[in-house]
Each structure stands twice: as C-alpha cells, then as structure tokens.
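J.: Pasting a structure below so you can have a look.
The values are calculated or read from the model by the stated rules, or taken from the named source; none is laboratory data. All values derive from a computational prediction rather than experimental measurement. Glycine gets a Cβ as well: all are built from the backbone with ideal geometry, and neighbour counts include every protein chain shown.
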Amino acid sequence: MANLFCDFRFLLLIAAVVFIYIQVESENHCTGQMRLLIDQISMQQGQIVAFEDERKRHFEERLQMKTLLQDLERKGLQQLTDKTQVPVAAVVIMACNRADYLDKTIKSVLKYQTPVASKYPVFVSQDGSNPDVKKKALSFDRLAYMQHLDYGEVETERPGELIAYYKIARHYKWALDQLFYIHKFSRVIILEDDMEIAPDFFSYFEAAAMLLDKDKTIMAVSSWNDNGQKQFVHDPYLLYRSDFFPGLGWMLTKSIWDELSPKWPKAYWDDWLRLKENHKGRQFIRPEVCRTYNFGEHGSSMGQFFKQYLEPIKLNDVQIDWMSMDLGYLMEDKYVKHFADAVKKAKPVYGNDAVMKAFNVAGDVRIEYRDQSDFEHIARQFGIFEEWKDGIPRTAYKGVVVFRHQTRRRIFLVGPDSLKRLGI
C-alpha cells in the first residue's frame with residue numbers, strides 16, 4: 001500500500017511538472033504572439049502616420065494649386081499675357097526665404113519689363129512656406145505666384161553636404177515642369193532672388209531666342225560672364241559662344257527641358273549641366289558685359305567668392321536694341337572662323353614671364369597654356385577665374401579663355417590643342 005501511495009505521489013509530481021511546462025510554454029507562446037501583435041500594431045501605426053503625412057502633403061499641394069489658380073484668376077493671366085502676342089519667354093524668379101532680396105529683384109525686373117510685359121510674363125516661384133516671401137510676392141499685381149511645398153526627406157549622397165543644394169535642385173525641376181508642361185511656355189528665363197537686370201535685358205533675350213530657334217548647337221543663352229568684372233570687360237555689344245555653362249540669368253527652350261527633366265540631378269544642377277555627357281558638345285551664348293548683377297552676399301553658398309568675383313561685376317548700363325543687330329556671326333557655321341580670326345591676329349607671347357610681357361603689348365595678346373595647372377598659374381596672375389569643370393575652364397570656347405585687361409586689349413589664353421580645333 002505504501003508503494004502504491006509513493007507511486008501515486010510520483011505520478012502527481014510528474015503531472016505537476018508537465019502542467020508547469022505546458023503553462024510556461026503557453027505563456028511563452030502567448031508572449032510571442034503578444035510581441036508579434038505589438039510589432040504588427042506598431043507597423044500599422046507607422047503606416048498610419050506615413051499615410052497621414054502623405055495625406056497632409058497632398059492636401060497642402062491641392063491647397064497650393066487652388067491658391068495659385070485663384071491668384072491667376074484674380075489677376076487674370078490676360079494681364080500677364082496678350083492673347084494676340086505669343087510670349088517670347090516666361091520669366092521666373094526663384095525664391096525661398098529672403099524677402100528683402102526678392103523685393104529688390106522684382107522691382108529691378110518690373111522696371112524694364114513693363115514696356116514689354118506681354119512678351120515676358122513674370123512668375124515668382126517660392127520654395128517652402130516663408131510667410132514674408134509669400135506676402136512680398138503677392139503684393140505685386142504684375143506677376144504670378146507659385147509655391148513649391150516639399151515635405152520629402154532629403155538624403156545627401158556624401159556626409160557633410162548642405163541639404164540646401166538638394167532642395168534647390170528639386171525646386172528648379174518643379175518650377176520648370178510647371179512653366180513648360182502646365183502653363184505651356186516654349187521658353188523660360190530663370191533668375192534668382194538676388195539679381196538686378198540691365199536696361200537691355202529683354203531686348204537681348206528676344207534676339208537670343210531667334211538664335212536658339214535657328215541653331216540647335218546652342219543649348220542655352222546666358223546673361224552672365226564669369227570674368228565680367230569691371231577690369232576685364234569693355235564692349236557691351238560683343239557676344240561669345242562658350243563651352244562652359246554660365247548660368248545666373250539664362251534662357252532655355254522646352255525641347256531642351258524635355259531632354260533634361262527626366263534625368264535632372266538630386267543636387268548641384270548647375271555643375272551637372274557643365275558635364276560633357278549633358279551638354280553633349282552644344283554651347284552657350286554669353287555677353288562680354290553682364291546683363292545681370294548678383295548682389296546676394298548671403299545665401300546657400302554663404303558668400304563664397306562674393307568679394308572677389310561677384311561684387312566687382314560690371315552690369316551693362318547701355319540701352320541696346322538687339323533686334324536691330326546682326327548676330328549671324330554667332331551661328332555655329334560662322335563663329336569658328338569669326339573667333340579664329342581674332343585669335344590669329346593676337347600677338348603670341350611666350351615664356352615664364354609671358355604675363356609681364358603682355359603688359360607691354362599694345363594690341364591683343366595670345367598666351368598658350370600647357371595644361372590645367374599651367375592655366376591656373378596664369379589665370380591667378382591676371383586675377384580671372386581659375387576653375388575648370390569636366391576639362392573646360394570657365395568661359396572657354398574650344399579651350400580659349402578671352403578677357404580684356406584694363407584696356408580695350410584682349411588677352412586670349414589658348415589651350416594646347418585650341419589652335420588645331422580652331423583650324424589655325
């Protein structure tokens with residue numbers, strides 16, 4: 001009987017152990033299920049938050065479009081464009097958070113745009129929601145307002161990069177898509193919110209538009225000369241072709257934008273345009289004397305080069321009727337010979353002291369450089385831009401950089417294969 005009782009207790013003990021094991025396993029399973037459920041709930045909550053953010057973004061965009069349409073209806077696009085007059089180009093001023101700069105730029109543009117308003121409807125495109133910028137833009141009746149609201153995260157490709165350059169690239173693509181594809185303009189002139197324009201700015205671009213239509217080897221037309229400082233320019237009537245994209249007040253066509261828009265870069269759009277793979281051997285028209293002046297010491301580039309290169313820029317002050325000028329020499333088939341003749345007539349100067357010798361020559365001077373390092377050394381002595389991009393110096397045409405040197409005399413810095421490329 002005692003043995004039977006012991007066996008019974010042993011069985012109870014085993015049953016208890018099994019029961020406890022089952023309970024523990026059950027609790028572990030429940031805990032695992034609970035954790036899985038919590039994870040699923042957290043994931044769903046994240047999706048709900050993302051959905052709410054997306055919904056908010058779409059709501060803001062719809063509100064933005066509604067505001068834009070109301071603004072256009074209020075002012076009437078007929079005030080910006082004449083139904084009997086096909087616009088030469090829309091003018092867009094790219095803005096963000098500098099209301100005082102924007103005010104100065106708008107006033108400069110409208111000062112010269114008023115007599116040709118039907119040819120050049122003006123838009124302000126604001127990136128972001130700075131209330132002072134929006135208020136300033138809407139205070140002018142003779143322009144239309146657009147607002148780019150972008151809540152997407154910005155992921156830089158390299159550590160330490162400024163997010164601003166990525167936001168700027170997004171804004172440019174959005175604004176140009178709007179003007180070319182929504183408003184159906186055939187050409188757009190892009191200005192920034194820290195620019196003043198010259199008296200003949202619009203006449204210059206009207207004549208240049210005809211060049212763009214005739215010569216498909218011209219990718220864009222710019223109002224800027226990187227070496228346009230007072231000591232390096234003289235002739236306000238002279239225009240050049242360049243393999244280097246100048247930017248800073250430039251015009252492009254819809255056909256060029258059709259090509260660029262699908263592959264537009266995440267950042268540094270201007271340097272991207274300077275890559276050979278993008279301009280594909282096409283060139284840019286630029287003036288000797290700038291038709292825009294950049295007063296923006298404070299901005300995304302934090303005043304880089306402002307004192308040395310931007311502040312001394314000469315803004316043209318001569319009123320020129322460009323439509324009466326013969327610009328045929330800028331067509332590709334004529335320009336190579338036109339430019340080569342000027343280079344050929346320049347007096348060659350050689351040696352390590354070539355820069356010093358150039359001071360003693362009365363007429364145009366030609367100095368050859370061996371490579372990029374040699375070019376930078378010579379450019380530094382004159383004080384012009386030393387920078388290259390993808391093998392091309394700033395302002396260069398077939399490797400030749402030309403500028404005045406404190407007089408009417410021109411200095412031609414000629415690359416190692418430039419004469420061959422010019423047929424000299």
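J.: For the stretch 132-146, enumerate the residues that are in a helix (DSSP H, G or I) and surrounded by 18 or more Cβ atoms within 10 Å (Cβ to Cβ). Quick ask: steps written out before the conclusion?
T.: Our first condition is that a residue be in a helix (DSSP H, G or I); within the stretch 132-146, this holds for 132-138.
Hits for the stretch 132-146 are VAL133, LYS134, LYS136, ALA137.
J.: State whether one or more residues within the stretch 180-198 are within 19 Å of the chain's Cα centre (by Cα), within 25 Å of CYS290 (Cβ to Cβ) and in a helix (DSSP H, G or I).
T.: Looking through the stretch 180-198, none of the residues is within 19 Å of the chain's Cα centre (by Cα), within 25 Å of CYS290 (Cβ to Cβ) and in a helix (DSSP H, G or I).
J.: When you check GLY303 against the structure, is it in contact with a Phe, Trp or Tyr (Cβ under 8 Å, 6 or more places away or on another chain), farther than 25 Å from GLY399 by Cα and either among the aromatic types (Phe, Trp, Tyr) or at pLDDT below 95 (or both), yes or no? Walk me through how you get there before you give the answer.
T.: Values: in contact with a Phe, Trp or Tyr (Cβ under 8 Å, 6 or more places away or on another chain): no; farther than 25 Å from GLY399 by Cα: yes; either among the aromatic types (Phe, Trp, Tyr) or at pLDDT below 95 (or both): yes.
When the stated conditions are applied, GLY303 does not pass them.
J.: Turning to a different aspect of this structure: Please indicate, with yes or no, whether at least one residue in the stretch 331-343 is part of a loop (DSSP other than H, G, I, E, B) and out of contact with any Leu (no Cβ under 7 Å at 6 or more places or on another chain). Even if it seems obvious, please write down each step before you answer.
T.: First pass over the stretch 331-343, keeping only residues part of a loop (DSSP other than H, G, I, E, B): 331.
Narrowing further to those that are out of contact with any Leu (no Cβ under 7 Å at 6 or more places or on another chain): 331.
Yes: the stretch 331-343 contains one or more residues that are part of a loop (DSSP other than H, G, I, E, B) and out of contact with any Leu (no Cβ under 7 Å at 6 or more places or on another chain).
J.: Return yes when ALA379 is more than 27 Å from PHE202 (Cβ to Cβ), small (Gly, Ala, Ser) and out of contact with any helix residue (DSSP H, G or I) (no Cβ under 9 Å at 6 or more places or on another chain) and no when it is not.
T.: Numbers: more than 27 Å from PHE202 (Cβ to Cβ): yes; small (Gly, Ala, Ser): yes; out of contact with any helix residue (DSSP H, G or I) (no Cβ under 9 Å at 6 or more places or on another chain): yes.
Against the criterion (more than 27 Å from PHE202 (Cβ to Cβ), small (Gly, Ala, Ser) and out of contact with any helix residue (DSSP H, G or I) (no Cβ under 9 Å at 6 or more places or on another chain)), ALA379 qualifies.
J.: Report yes if GLU277 is farther than 23 Å from ALA379 by Cβ, out of contact with any strand residue (DSSP E or B) (no Cβ under 8 Å at 6 or more places or on another chain) and not in a loop (DSSP other than H, G, I, E, B), otherwise no.
T.: Details: farther than 23 Å from ALA379 by Cβ: yes; out of contact with any strand residue (DSSP E or B) (no Cβ under 8 Å at 6 or more places or on another chain): yes; not in a loop (DSSP other than H, G, I, E, B): yes.
For GLU277, the condition - farther than 23 Å from ALA379 by Cβ, out of contact with any strand residue (DSSP E or B) (no Cβ under 8 Å at 6 or more places or on another chain) and not in a loop (DSSP other than H, G, I, E, B) - is met.
J.: Related question: Among the residues of the stretch 211-243, write down those that are aliphatic (A, V, I, L, M) and not in a helix (DSSP H, G or I). Before you say what the answer is, go through the steps one by one.
T.: Of all residues in the stretch 211-243, those aliphatic (A, V, I, L, M) come to 211-212, 218-221, 233, 238-239.
Of everything in the stretch 211-243, those that are aliphatic (A, V, I, L, M) and not in a helix (DSSP H, G or I) turn out to be ILE218, MET219, ALA220, VAL221, VAL233, LEU238, LEU239.
J.: Another question, then. State yes or no: is ARG74 among the basic types (Lys, Arg), part of a helix (DSSP H, G or I) and modelled with pLDDT of 65 or more? Walk me through how you get there before you give the answer.
T.: Values: among the basic types (Lys, Arg): yes; part of a helix (DSSP H, G or I): yes; modelled with pLDDT of 65 or more: no.
No; evaluated as a whole, the condition is false for this residue.
J.: Mind checking which residues of the stretch 97-122 are surrounded by fewer than 22 Cβ atoms within 10 Å (Cβ to Cβ) and closer than 15 Å to HIS148 by Cβ?
T.: ASN97
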